[in-house]
Structure formats: structure tokens, C-alpha cells
Amino acid sequence: MTGSEESPSFRLAYVPGVTPAKWVRIWNERLPGTPLVLTQVPAAEADALMRAGEADAGFVRLPVDRDFFSAIPLYTEATVVVVPKDHLITAAEEVTLADLADEVLFHPLDDVFDWDAPPGEPAFERPATTPDALELVAANVGLLIVPQSLARLYHRKDLTYRTVVDAPQSRIALSWPEEATTDLVEDFIGIVRGRTVNSTRGRETPPEAKQQKKKKPDQGGARQKSGKPAGRPVRGRSGGRTGKPRRKS
């Protein structure tokens, strides 16, 4: 394992849309003496943050540079189109890209999709951020395609969304610099993968855990080679009864 020097804290980056709360809670339960420091970072900047050594690991959107980073894919998000609540599209439960061909679609500079050719009619400008694009959607001048988690994160009462069944999808992964795979990184990998406290890879099993793994003695009693239980009293012809002997006839 590389990375002999560990930080006094574990620094975890995450991109908008990811909710790391459950993993943070488990970390705090298992390693209460090692603070976990969270940093939200735009999806396009997560790579640079970890390369600069300012984060030990991060929840990122794939792809990543696999020559530099290790990554564990976690889940794939649904893709939705965000529309005003009174838009005609709200009459359907799902839509396709063909249904959006005549709509003005914003393509913000922080768009997480790598479109070969953005769908829909081109907008008059490219908003700087997704929240900026949503302001324009609320003004009823265009629509926006995003991962569902971002539609929820930037929820507005005057907007809603519908699933786009044939649009590209965004995948979330846990990633970290491969050459900086410290014990703390291994601990967090174990938490994300659902390992128990005694099965975390790369850490020696505590003596008390080893003791618990020893085979318990058979409480039901040993068995003889014949397969009959041992330890029971063997009855004679009298059946083990007590009292007066029977008279011979």
C-alpha cells in the first residue's frame, strides 16, 4: 500500500447531486477520532482538486482518468428534462429526445453530459451554471436536461421534470488517486462497499474479533461414530425402571 503519511483528517470531495450523509454517519461511528471533512466541488473541478492533493477521495461523475485515478462505479442516474409546471410536456410521464426536437434546450457550461450534438433548438446563450439555466427555464424561454439528482437539488416550486428515456445518463463513482491509496482511503472504500467493521480490507483483524471467530463447542453433545448421540444413559432390559423385581411365572 502506498501513501505512508495519512492526513489527520479524511478529506472527501463530492459533486452536486450526490448525498454522502449515510457514509459520513458510518465513518463517524467507526472512526470517531478521525474527522471527515466534506467539500462540495463542481463536477468539472473534482479531478483537479484530487490531483492537487486537496482531497483524499471524491464522489465524482464518470469518466475519470484511469491512468491516474482508481474508481468504483456506484450507480447510474435517470436523466430528466426540467420544464415550467404549465408546459405541455407535463401531460406525459416520459418523453424522448425526439419529443424535444422543436424545444429550445439550454446547454450550460457546467453541463455534465458529453453531447456529440446537443438536442433541441440552440438557445441564444450558454448559461454559466445549471442554476443560471434553471432561472431561464422558469422565465419560460427554454428547457434543460439534467441528471435527476440535480433537478431535485435545485428544485423550484414553479418547475417540474419528466424522465427522458433515451438520453445519455450520468454515473456516480467513488474515485481517488491510485498512488495515494492510504489506510483511510481503504477504510472509506470498505464503508461504501458495505463491509463490516471486522472485514475492512487492508486492516489486521483485531484479537477480540479473531477470538469470536473460533468455533464454538457443540452444545448438543458429542456424537458417537455410529451416529447415535453420546452421553445418554443406556437402558437395560428392565428399561431402567426402579422398584420391585418382577416374579417369574
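Just give me the residues in segment 146-193 being open to solvent by 60 Å² or more (accessible area, probe 1.4 Å) and within 21 Å of Thr76 (Cα to Cα), in sequence order.
Across segment 146-193, the qualifying residues are Arg152, Leu153, Tyr154, His155, Tyr161, Val165, Asp166, Gln169, Arg171, Arg193.
Check Pro122, Pro127, Pro131 and return the single one that is without any contact (Cβ under 8 Å) to a residue 24 or more places away in the chain and in contact with a helix residue (DSSP H, G or I) (Cβ under 7 Å, 6 or more places away or on another chain).
Residue meeting the stated conditions: Pro127.
Tell me, please, whether a residue that is in contact with a Gly (Cβ under 6 Å, 6 or more places away or on another chain), without any contact (Cβ under 8 Å) to a residue 40 or more places away in the chain and either over 22 Å from Ala138 (Cβ atoms) or of a type outside the set (S, T, N, Q) (or both) can be found in segment 100-108.
Narrowing segment 100-108 to residues in contact with a Gly (Cβ under 6 Å, 6 or more places away or on another chain): 100, 103-106.
Within this subset, residues satisfying the condition of being without any contact (Cβ under 8 Å) to a residue 40 or more places away in the chain are 104, 106.
Still in the running and either over 22 Å from Ala138 (Cβ atoms) or of a type outside the set (S, T, N, Q) (or both): 104, 106.
Yes, segment 100-108 contains a residue that is in contact with a Gly (Cβ under 6 Å, 6 or more places away or on another chain), without any contact (Cβ under 8 Å) to a residue 40 or more places away in the chain and either over 22 Å from Ala138 (Cβ atoms) or of a type outside the set (S, T, N, Q) (or both).
Have a look at Ala92, Ala52, Ala78, Ala57 and point out the one that is within 20 Å of Gly194 (Cβ to Cβ) and small (Gly, Ala, Ser). Give the derivation first.
Details: Ala92 fails: within 20 Å of Gly194 (Cβ to Cβ); Ala52 fails: within 20 Å of Gly194 (Cβ to Cβ); Ala78 fails: within 20 Å of Gly194 (Cβ to Cβ).
Result of the check over Ala92, Ala52, Ala78, Ala57: Ala57.
Working carefully through the options Ala133, Ala71, find the one that is of a type outside the set (Asp, Glu) and under 20 Å from Asp47 (Cβ atoms).
Ala71
Please go through segment 64-91 and give me each residue that is within 28 Å of Ala48 (Cα to Cα) and of a type in the set (Lys, Arg), ordered by number.
Arg66
Does Arg171 qualify as being among the charged types (D, E, K, R), in contact with a Lys or Arg (Cβ under 9 Å, 6 or more places away or on another chain) and at pLDDT below 95? Please lay out each step first, then the result.
On the way: among the charged types (D, E, K, R): yes; in contact with a Lys or Arg (Cβ under 9 Å, 6 or more places away or on another chain): yes; at pLDDT below 95: no.
For Arg171, the condition - among the charged types (D, E, K, R), in contact with a Lys or Arg (Cβ under 9 Å, 6 or more places away or on another chain) and at pLDDT below 95 - is not met.
Here's a check for you: in segment 6-28, which residue that is in a helix (DSSP H, G or I) and touching a residue at least 24 places away in the same chain (Cβ under 8 Å) is surrounded by the most Cβ atoms within 10 Å (Cβ to Cβ)?
Among them, the one singled out is Trp27.
Which of the residues belonging to segment 29-43 are under 17 Å from Phe59 (Cβ atoms) and open to solvent by less than 80 Å² (accessible area, probe 1.4 Å)?
Within segment 29-43, Leu36, Val37, Leu38, Thr39, Val41, Pro42, Ala43 qualify.
Name the helices (runs of 4 or more DSSP H) wholly within segment 94-197 that hold at least 3 residues that are in contact with an Asp or Glu (Cβ under 7 Å, 6 or more places away or on another chain)?
Counting at least 3 such residues, we get 183-192.
Based on this model, can you work out whether Arg61 counts as open to solvent by 30 Å² or more (accessible area, probe 1.4 Å) and either aromatic (Phe, Trp, Tyr) or within 22 Å of Thr181 (Cα to Cα) (or both)?
no
Checking the conditions here, which among Ala21, Ala55, Ala71 is within 14 Å of the chain's Cα centre (by Cα) and within 18 Å of Thr182 (Cβ to Cβ)?
On the way: Ala21 fails: within 18 Å of Thr182 (Cβ to Cβ); Ala55 fails: within 14 Å of the chain's Cα centre (by Cα).
Answer to the check: Ala71.
Mind listing just one residue for me: the one in segment 74-96 that is aliphatic (A, V, I, L, M) and open to solvent by 40 Å² or more (accessible area, probe 1.4 Å) and, of those, nearest to Glu179 (Cα to Cα)?
By that ranking, first place goes to Leu74.
Among the residues that make up segment 113-128, is at least one of them among the hydrophobic types (A, V, I, L, M, F, W, C), under 22 Å from Thr76 (Cα atoms) and open to solvent by 50 Å² or more (accessible area, probe 1.4 Å)?
So the first thing to find is which residues in segment 113-128 are among the hydrophobic types (A, V, I, L, M, F, W, C), and the list is 113, 115, 117, 123-124, 128.
Okay, now just the ones that are also under 22 Å from Thr76 (Cα atoms), so 113, 115, 117.
Next, from what is left, pick out any that are open to solvent by 50 Å² or more (accessible area, probe 1.4 Å): 117.
For segment 113-128, residues among the hydrophobic types (A, V, I, L, M, F, W, C), under 22 Å from Thr76 (Cα atoms) and open to solvent by 50 Å² or more (accessible area, probe 1.4 Å): present.
The values are calculated or read from the model by the stated rules, or taken from the named source; none is laboratory data. Not measured: the values here are computed from a predicted model. Note that each Cβ is placed from the backbone with ideal geometry, even for glycine, and that neighbours are counted across all protein chains shown. These accessible areas exclude ligands, DNA and RNA; they are computed on the full protein's heavy atoms, side chains included. Shrake-Rupley method; radii C 1.70, N 1.55, O 1.52, S 1.80 Å.
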